[in-house]
Amino acid sequence: MNTSNKSALFRGILGWILCLLLTFIFLMIGGMKLLSKPIMVHEFEQVGLGQWFRYFTGTLEIIGAVGLLIPKFSRWAALLLAVVMVGALVAHFTVLHTSPTAALIMLALSVLIAWLRR
């Protein structure tokens, strides 16, 4: 196996591992939003855009999570999730004043997946 094939194989395996990881995370977080878990309801009350925005965000996260598992759509799903995480960072920095670490990590992983799936 030449170096080019090894690199492509490694990139493919890494991409699937990251897709599975982020799928799990976003299904869990998006599900918490859609199931109206009290912590999510409170967080979106603080944001001040209304609870419709919690449902909208949760739906985008679920769509993105499922899209990560479909090779034809995984790059676009990763970019969608990256945009959602940029919104989360804005909320953390401007309104919530809580640690943005998780959102930063998920943003970085989403961008990495989009790059790997190019």
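The values are calculated or read from the model by the stated rules, or taken from the named source; none is laboratory data. Everything numeric here is computed off the predicted structure, so don't read it as measured data. Using ideal geometry, Cβ is built from the backbone for each residue, glycine included, and neighbour counts are taken over all protein chains shown.
The lone criterion from (1) under 26 Å from ARG118 (Cβ atoms); (2) free of Cβ contacts under 8 Å to residues at least 12 places away in the same chain left unmet by LEU35 is number (1). For the stretch 59-112, the set of residues classified as farther than 20 Å from GLY31 by Cα and of a type in the set (Ser, Thr, Tyr) consists of THR94, THR98, SER99, THR101, listed by residue number.
Counting the residues of the stretch 99-118 that are within 28 Å of GLN46 (Cβ to Cβ) and buried (at least 17 other Cβ atoms within 10 Å of the Cβ) gives 6. Screening the stretch 8-38 for residues that are among the small types (Gly, Ala, Ser) and touching a helix residue (DSSP H, G or I) at 6+ places or on another chain (Cβ under 6 Å) and picking the one that is modelled with the lowest pLDDT gives GLY15.
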